[in-house]
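Q: Once you've had a glance at the structure underneath, I'll fire off some questions.
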Amino acid sequence: MISNALFLAALIATTSAWSADKSGAHHDHAAHSHGQGQVELVVQGDMVQLDLEIPMESLLGHEHLPKTPAQKKAMAELQAGAVQSDYFVSLPAAAACQLQSAQAQSDMFLGKKSEHSDLDIQLQYKCGKPAALQQLEFTVFKKHPRLGSLKVDMLTPKGQGSITVKPKGPVIRW
């Protein structure tokens, strides 16, 4: 089992990276690539934290501020959905997980022009039955077919690792 100290170190590092991203500091993530997102996942006891970074082009089909009514509607739907518990991921119902915190940040949400715009999402869950928490499904692929893969760096009760998930295999298990 992962020690509490290791979990806290990973959580602090993840949270620090998220805070730096929100403040406009340099991103430590991989280069911006359309169709590919990055995920940091930490599972410890009854807590699950996910930090996602996905190019807006993969979610909306463009990275410019919305111009047409259809683009404005798609942006509003993404902004509203991004903080919903099952928009990006689904945890097993048997684990009784509840979303504790959800934050979504993008320059486009703020009306700022950017050559390469990403959506940064932070989700935290608390699970009532953590023994049933043995997998996670990335539901975002169903809603956004332009998203081709997510590189997931994870720290779970089984250890740490990295995996790439795709629309045809959106579930990771530990």
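Q: Sort out for me the strands (runs of 3 or more DSSP E) sitting completely within the range 112-169 that have 3 or more residues that are modelled with pLDDT of 95 or more, under 12 Å from the mean Cα position of the chain (by Cα) and under 14 Å from Ile54 (Cβ atoms).
A: 118-127, 149-156
Q: I'd like the full set of residues that are without any contact (Cβ under 8 Å) to a residue 24 or more places away in the chain and surrounded by 19 or more Cβ atoms within 10 Å (Cβ to Cβ), limited to the range 129-168.
A: Of everything in the range 129-168, nothing turns out to be without any contact (Cβ under 8 Å) to a residue 24 or more places away in the chain and surrounded by 19 or more Cβ atoms within 10 Å (Cβ to Cβ).
Q: Going through the range 104-128 one residue at a time, which ones are in contact (Cβ under 8 Å) with a residue 40 or more places away in the chain, closer than 17 Å to Gly61 by Cα and surrounded by 15 or more Cβ atoms within 10 Å (Cβ to Cβ)?
A: Ser106, Met108, Ser117, Asp118, Leu119, Asp120
Q: Is it the case that the range 37-53 has a residue that's at pLDDT below 95 and under 13 Å from the mean Cα position of the chain (by Cα)?
A: no
Q: Of the residues Ala31, Ala20, Ala10, which is in contact with a strand residue (DSSP E or B) (Cβ under 8 Å, 6 or more places away or on another chain) and modelled with pLDDT under 95?
A: So the residue among Ala31, Ala20, Ala10 that is in contact with a strand residue (DSSP E or B) (Cβ under 8 Å, 6 or more places away or on another chain) and modelled with pLDDT under 95 is Ala10.
Q: Let me ask another. Whether any residue in the range 57-72 is under 30 Å from Lys158 (Cα atoms) and in contact with a Lys or Arg (Cβ under 7 Å, 6 or more places away or on another chain) is what I want to check.
A: no
Q: If only one of Gly61, Gly81 is at positive phi and over 12 Å from the mean Cα position of the chain (by Cα), which one is it?
A: Every option except Gly61 fails the conditions.
Q: Still on this model: Considering only residues that are touching a helix residue (DSSP H, G or I) at 6+ places or on another chain (Cβ under 9 Å), surrounded by 12 or more Cβ atoms within 10 Å (Cβ to Cβ), at pLDDT 95 or above and not in a loop (DSSP other than H, G, I, E, B), which ones fall in the range 80-103?
A: Answer for the range 80-103, where residues must be touching a helix residue (DSSP H, G or I) at 6+ places or on another chain (Cβ under 9 Å), surrounded by 12 or more Cβ atoms within 10 Å (Cβ to Cβ), at pLDDT 95 or above and not in a loop (DSSP other than H, G, I, E, B): Ala94, Ala95, Cys97, Gln103.
Q: Sticking with this one: I want to confirm something. Restricting to the range 58-79 and keeping residues that are within 30 Å of Gln134 (Cβ to Cβ) and not hydroxyl-bearing (Ser, Thr, Tyr), which single residue is surrounded by the most Cβ atoms within 10 Å (Cβ to Cβ)?
A: Restricting to residues being within 30 Å of Gln134 (Cβ to Cβ) and not hydroxyl-bearing (Ser, Thr, Tyr), the top hit is Leu59.
The values are calculated or read from the model by the stated rules, or taken from the named source; none is laboratory data. Worth saying up front: this structure is predicted, and the values here are computed from it rather than measured. Neighbour counts are summed over all protein chains in view; Cβ atoms, including those assigned to glycine, are modelled from backbone coordinates with ideal geometry.
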